[in-house]
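These notes are about the structure you will find just below.
Every number in this text was worked out from the coordinates using simple rules, so none of it is lab data. Just so it is clear, the model here is predicted, and its values are computed rather than measured. Please note: Cβ atoms are built from the backbone with ideal geometry, for glycine as well, and neighbour counts cover all protein chains shown.
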Amino acid sequence: MTTEQVVHYREVSAEYLTHARSLLTDGDLKHASEKAWGAAAVLVKAAAEGRGWRHEGHRELWRALHRLADETEDEEMRRQFGLAGAPHTNCYEAWLDAKSVEQYLSEVAQLAAKLDALTS
């Protein structure tokens with residue numbers, strides 16, 4: 001476990017969430033979406049890193065997320081991480097409207113709070 005890397009991931013996630021909210025306010029939905037996904041993904045990395053689990057790539061992120069959901073018995077985490085994938089796709093497809101991005105960002109923020117608690 002590398003505490004320094006866990007701290008780095010936590011800081012990056014907080015920065016991404018803040019930036020996503022700002023980009024949403026500015027109407028930059030594509031980039032707000034990608035920052036929302038990034039906030040969730042790097043916190044999964046933080047929790048996985050702290051446990052010595054692999055976390056490279058989407059497959060490993062999902063495996064780590066499933067293990068965290070099992071560990072905490074929080075099935076909602078699976079749903080929320082799945083929802084974080086929609087904004088990730090939106091960065092490339094630009095199909096979500098502002099209300100949708102805002103709703104996904106809210107779900108990501110809730111998931112981020114849960115994941116952040118698992119990294120401290």
Treat each spin label as a single point 7 Å out from the Cα along the C-beta direction, and report the Trp62 to Asp74 distance in nm. 2.1
Residue-normalised 222 nm signal for the chain, counting each DSSP H run of n ≥ 4 as -39,500 (n - 2.57), nearest 500 deg cm²/dmol, is -29000 deg cm²/dmol
Exposed-loop cut sites defined as GluC sites (Glu not before Pro) in DSSP loop states with at most 16 other Cβ within 10 angstrom; longest site-free run of the chain spans 1-55
Cβ-Cβ cut-off under 10 Å around Ala69, Lys and Arg +1, Asp and Glu -1: the net charge is -2
Connecting every pair of Cα atoms under 10 Å apart in the chain and solving the GNM, the largest mean-square fluctuation among Tyr16, Tyr92, Tyr104 falls on Tyr92
Among trypsin sites (Lys or Arg not before Pro) in region 37-120, those in a DSSP loop whose Cβ has at most 15 other Cβ atoms within 10 Å are Arg54
Pull out a ≥ b ≥ c, the square roots of the eigenvalues of the alpha-carbon gyration tensor of the chain, then state rounded if a/c is under 1.5, prolate if not and a/b is larger than b/c, and oblate in the remaining case. prolate
